[in-house]
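Here is the structure we will look at.
The values are calculated or read from the model by the stated rules, or taken from the named source; none is laboratory data. If you're wondering where the values come from, they're calculated on a predicted model, not measured in any experiment. Neighbour counts are summed over all protein chains in view; Cβ atoms, including those assigned to glycine, are modelled from backbone coordinates with ideal geometry.
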Amino acid sequence: MAYKIPIYQPSLDGNEKKYVNECLDTNWISSRGEFISKFENEFRKFVGVEHATAVSNGTVALHLALVTLGIGPGDEVIVPSFTYIASVSAISITGASPVFVDSLEDTWQVDPKDVKKKITPRTKAIMAVHLYGHPCEMDELVKIAKEHNLFLIEDCAEAFGSTYKDKHVGTFGDLSTFSFYGNKTITTGEGGMIVTNDETLYDRAYHLKMHGLAKYREYWHDTIGFNYRMTNICAAIGLAQLENAEEKIVKKRQVAEWYNEALKNLPVKPHGEYGKVFHSYWMYSILVESPQVREEIRNFMKAEGIETRPTFFPAHTMPMFSQKFQKLRVAEYLGWHGINLPSYPDLTKEQIQFIAAAISKYFSQRN
């Protein structure tokens, strides 16, 4: 159905058409062209890292990061169960085993105490996923990784623009990844980025994403690699998006403020901002009292023309990972009780008031 208010829509009001037309006019439409290096360089400077390499999407960015670190069969990677499936499937594709940990009740992010409990001699890395735009507790995770000599990977797919203690997410890990899918704060349609401050890791990631092409010999490949390159057209869109990134983030914070005000007297609990962090609110999310209420609200809002999403179902409950029974109390609660509300930067205050009125109407009729 065509929604009056969709869950998300990209904002393409900058130089996107101009830059894409430059690609078409010059015939540089594939994985070579000046926009790729421009986008990588400007993104690197925005986040505050030494190196960045663009890839075709956020999932391959995660896979490439894992392979770059030498993670494979027999290894374990600690990952929150409450995350989008790409965080977990990227681990499984390498042949390594995902080890699921619970989340914190306030921030909804990975629980450092549970991370400590799940470390074994086979653990090679911790994956910190900055879910819905709220940063993880990075001081604790960095400390744990150093104490146990583990790699730290940051999955920043949903957290472009978020900061932890005034540092951008993506600057703490050995390797960090971003997604630029169509519903992300900045988009390239499909696309991703790997960033790092380690030149050796950057060189290795770049080498692997380019089919393992040798640096000093044309069409000579010295390892099995991948075709994970971004196109010049996607990079052109990304560069245009990046030029307006600060404005988009300000708008998303404003959307969150409007929601907080509009929903304050309703029996829902918003995903807030905790600690010395900057929550970029990729998604504005709420918790309701029960799974049944969640489905009723979502159906009610759908009838009103408002698109919503459930929060992510915990990965440890999915068929391919559920053979080993475990209970992760917070992850399961968040997965069964959460709703993502429309969260694109161009939402108006009037639209948010309409959404809040629909939620209020549901509770009024229910009572």
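The set of residues from the stretch 326-367 being in contact with an Asp or Glu (Cβ under 6 Å, 6 or more places away or on another chain) and in a helix (DSSP H, G or I) comprises Val330, Ala331, Ala358. Cβ-Cβ distances below 8 Å connect the following pairs, each with a first residue in the stretch 135-151 that is more than 25 Å from Gly161 (Cα to Cα), a second residue that is polar (S, T, N, Q), and a separation of six or more residues or different chains: His148/Thr123; Leu150/Thr123. In the stretch 165-193, which residues are surrounded by fewer than 24 Cβ atoms within 10 Å (Cβ to Cβ), touching a residue at least 60 places away in the same chain (Cβ under 8 Å) and either in contact with a Ser or Thr (Cβ under 6 Å, 6 or more places away or on another chain) or not in a loop (DSSP other than H, G, I, E, B) (or both)? Passing the criteria: Lys167, His168, Tyr181. Condition (residue is more than 11 Å from the chain's Cα centre (by Cα), assigned to a strand (DSSP E or B), polar (S, T, N, Q) and closer than 20 Å to Val49 by Cα) applied to the stretch 155-163: is it met by at least one residue? Among the residues of the stretch 155-163, at least one is more than 11 Å from the chain's Cα centre (by Cα), assigned to a strand (DSSP E or B), polar (S, T, N, Q) and closer than 20 Å to Val49 by Cα, which makes the answer yes. Restricting attention to the stretch 268-289 and to residues that are out of contact with any Pro (no Cβ under 9 Å at 6 or more places or on another chain) and surrounded by fewer than 15 Cβ atoms within 10 Å (Cβ to Cβ), the residue that is farthest from Lys165 (Cα to Cα) turns out to be Lys269. Taking the stretch 301-315 as the range and being touching a residue at least 40 places away in the same chain (Cβ under 8 Å) and surrounded by fewer than 18 Cβ atoms within 10 Å (Cβ to Cβ) as the test, the residues that pass are Lys302, Glu304, Gly305, Arg309.
A search for C-beta distances below 6 Å between a residue of the stretch 38-52 that is surrounded by 13 or more Cβ atoms within 10 Å (Cβ to Cβ) and any residue that is of a type in the set (Lys, Arg), counting only pairs 6+ apart in sequence or on different chains, returns Ala52/Arg44. Taking the conditions (1) farther than 30 Å from Asp114 by Cβ; (2) surrounded by fewer than 14 Cβ atoms within 10 Å (Cβ to Cβ) in turn, Ser322 satisfies each one other than (1). In the stretch 96-108, is there at least one residue being surrounded by 16 or more Cβ atoms within 10 Å (Cβ to Cβ) and in a helix (DSSP H, G or I)? No: zero hits.
Checked against (1) at pLDDT below 95; (2) within 30 Å of Thr348 (Cα to Cα), Ile7 meets all criteria but (1). Restricting the first member to the stretch 107-132 and to residues that are over 18 Å from Thr83 (Cβ atoms), and the second to residues that are part of a helix (DSSP H, G or I) and of a type in the set (D, E, K, R), no beta-carbon pair is closer than 6 Å while six or more apart or on different chains. Among the residues of the stretch 41-50, those identified as of a type outside the set (A, V, I, L, M, F, W, C) and either over 20 Å from Ala240 (Cα atoms) or in a helix (DSSP H, G or I) (or both) are Asn41, Glu42, Arg44, Lys45, Glu50.
Does Thr94 fit the bill of being over 19 Å from Phe172 (Cα atoms) and modelled with pLDDT of 95 or more?
Numbers: over 19 Å from Phe172 (Cα atoms): yes; modelled with pLDDT of 95 or more: yes.
Judged against the criteria, Thr94 is a match.
Of everything in the stretch 269-321 that is among the polar types (S, T, N, Q) and part of a loop (DSSP other than H, G, I, E, B), the residue that is nearest to Glu257 (Cα to Cα) is Ser280.
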